[in-house]
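The values are calculated or read from the model by the stated rules, or taken from the named source; none is laboratory data. Remember, predicted model here, so these are calculated numbers, not experimental data. Because the Cβ atoms are built from the backbone with ideal geometry, glycine has one as well, and the counts that use them run over all protein chains shown. Note: areas computed on protein heavy atoms with side chains; ligands, DNA, RNA excluded. Shrake-Rupley method; radii C 1.70, N 1.55, O 1.52, S 1.80 Å.
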Amino acid sequence: FHLDVQPNPNVYIGGNRSVCEFDTIHIIGWVAPGWYSHYAYHWSPSAWLDDSTASDVVFTPGMNTKVVLVVTTPAGCIGVDSTDITIHPGNFAALDTDFSVCPHDSVQLVPTGGVSYRWYPTIYLSDSLSATPWVFGVTSVNYAAIATSQYGCLDTVYAKVTVQPAAVINVGDSVTLYPGQT
């Protein structure tokens, strides 16, 4: 006769982790002993996973959740592990979007929500890595800033700095006026 001895799976999917709202993370289910090849995988909740029956999955954030992996053998031997996943906001930065200045005047861009910024393009900026750079406008420019949150998440804000045309004053030709003349 045939005796099939199936191992009790030891499952490990790693510790708790976090992810930014619009990113994804890969979660790998490690199962020991590795020599056994007939394990069945069941991840839950499956709503944010690409394949709830694979040994490794891609998690697309929906909300903070506990992900559980249950590994079984055909005889019913079972192993379980879980991890808590914290979702950090992806839309965290804000900035006024339209600014208007006179030629050779300046305006300060003051975004909120991020801990660091990288501005593009760098033209007419006091410092492209500053959280609050000054724009010394010569011509109109559309700026974008990539903001980084305290959790390492990225967001983009945009600002349009319009340089208005310089005023043109025409006082006409010189004229000599004598008392009583207009």
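Pairs please, first residue from region 11-33 and farther than 16 Å from Val58 by Cβ and touching a residue at least 40 places away in the same chain (Cβ under 8 Å), second anywhere and surrounded by 13 or more Cβ atoms within 10 Å (Cβ to Cβ) and among the charged types (D, E, K, R), Cβ atoms under 9 Å, 6+ apart in sequence or on different chains.
Qualifying pairs under 9 Å: Val11/Asp81; Tyr12/Asp81.
Starting from residues that are open to solvent by less than 30 Å² (accessible area, probe 1.4 Å) and under 16 Å from Ala94 (Cβ atoms), keep the ones in region 134-152 and report whichever is farthest from the chain's Cα centre (by Cα). Break it down into steps so the answer makes sense when it comes.
Step one: list which residues in region 134-152 are open to solvent by less than 30 Å² (accessible area, probe 1.4 Å), which gives 135, 137, 141, 143-145, 147, 149.
Retained after the next criterion (residues that are under 16 Å from Ala94 (Cβ atoms)): 143-145, 147, 149.
Details: Tyr143: 18, Ala144: 14, Ala145: 12, Ala147: 8, Ser149: 8 Å.
Top of the filtered list is Tyr143.
Take region 42-65 and flag every residue that is assigned to a strand (DSSP E or B) and closer than 13 Å to Ser82 by Cα. Working first, answer last.
Quick first cut of region 42-65, residues assigned to a strand (DSSP E or B) only: 42-44, 49, 56-59, 65.
Result: His42, Trp43, Ser44, Thr65.
For region 22-35, check the following and say yes or no: at least one residue is more than 30 Å from Gly114 (Cα to Cα), touching a Gly at 6+ places or on another chain (Cβ under 6 Å) and crowded, with 17+ Cβ neighbours inside 10 Å.
Taking region 22-35 and keeping what is more than 30 Å from Gly114 (Cα to Cα), we get 28-35.
Now narrow it down to the ones that are touching a Gly at 6+ places or on another chain (Cβ under 6 Å): none.
No, region 22-35 has no match at all.
Considering only region 147-155, I want to know if a residue exists there that is acidic (Asp, Glu) and modelled with pLDDT under 95.
Our first condition is that a residue be acidic (Asp, Glu); within region 147-155, this holds for 155.
Imposing the further condition that a residue be modelled with pLDDT under 95 reduces the set to none.
The answer is no; no qualifying residue exists.
Quick one: in region 111-127, which of the residues that are within 19 Å of the chain's Cα centre (by Cα) and not aromatic (Phe, Trp, Tyr) is most open to solvent (accessible area, probe 1.4 Å)? Please lay out each step first, then the result.
Start the filter on region 111-127 by keeping residues that are within 19 Å of the chain's Cα centre (by Cα), which leaves 111-120.
Add one more test, that the residue is not aromatic (Phe, Trp, Tyr), and what stays is 111-116, 118.
Working: Pro111: 14, Thr112: 81, Gly113: 49, Gly114: 23, Val115: 97, Ser116: 51, Arg118: 114 Å².
It comes out as Arg118.
Would you say Thr53 is under 27 Å from Asp23 (Cα atoms) and either acidic (Asp, Glu) or loosely packed, with under 14 Cβ neighbours inside 10 Å (or both)? Lay out the reasoning, then the answer.
Details: under 27 Å from Asp23 (Cα atoms): yes; either acidic (Asp, Glu) or loosely packed, with under 14 Cβ neighbours inside 10 Å (or both): yes.
So Thr53 passes the test.
Of everything in region 167-180 that's open to solvent by 100 Å² or more (accessible area, probe 1.4 Å) and either in contact with a strand residue (DSSP E or B) (Cβ under 7 Å, 6 or more places away or on another chain) or over 21 Å from Cys102 (Cα atoms) (or both), which residue is modelled with the highest pLDDT?
The initial filter retains those residues of region 167-180 that are open to solvent by 100 Å² or more (accessible area, probe 1.4 Å), namely 168-171, 173-175, 177-179.
Subsequent filtering for residues that are either in contact with a strand residue (DSSP E or B) (Cβ under 7 Å, 6 or more places away or on another chain) or over 21 Å from Cys102 (Cα atoms) (or both) retains 171, 173-175, 177-179.
Numbers: Val171: 78, Asp173: 80, Ser174: 82, Val175: 80, Leu177: 83, Tyr178: 86, Pro179: 89.
Checking each candidate, the answer is Pro179.
List the pairs whose first member sits in region 75-87 and is outside any strand (DSSP E or B), whose second member is of a type in the set (S, T, N, Q), and whose Cβ atoms are under 6 Å apart, counting only residues at least 6 apart or on separate chains?
Between residues of region 75-87 that are outside any strand (DSSP E or B) and residues that are of a type in the set (S, T, N, Q), the close pairs are Ala75/Gln6; Cys77/Gln6; Cys77/Asn8.
For Asp96, work out the one condition from (1) open to solvent by less than 60 Å² (accessible area, probe 1.4 Å); (2) part of a loop (DSSP other than H, G, I, E, B); (3) closer than 30 Å to Gly137 by Cβ it doesn't fulfil.
For Asp96, the failing item is (1).
Please go through region 28-41 and give me each residue that is among the aromatic types (Phe, Trp, Tyr), under 16 Å from Pro74 (Cβ atoms) and not in a loop (DSSP other than H, G, I, E, B), ordered by number.
First, the residues of region 28-41 that are among the aromatic types (Phe, Trp, Tyr): 30, 35-36, 39, 41.
After this cut, where a residue has to be under 16 Å from Pro74 (Cβ atoms) as well, the list is 35-36, 39, 41.
Within region 28-41, Tyr41 is the sole residue that qualifies.
Taking region 100-141 only, how many residues are β-branched (Val, Ile, Thr) and farther than 30 Å from Cys153 by Cβ? Reasoning before the result, please.
Keep residues of region 100-141 that are β-branched (Val, Ile, Thr), which gives 101, 107, 110, 112, 115, 122-123, 132, 135, 138-139, 141.
Those left that are additionally farther than 30 Å from Cys153 by Cβ: 101, 138-139.
Number satisfying all stated conditions: 3.
Let's see how each residue does on (1) under 30 Å from Asp155 (Cα atoms); (2) under 36 Å from the mean Cα position of the chain (by Cα):
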position: Asp4; (1), (2): no, no
position: Arg17; (1), (2): yes, yes
position: Ser44; (1), (2): yes, yes
position: Asp50; (1), (2): yes, yes
position: Ser55; (1), (2): no, yes
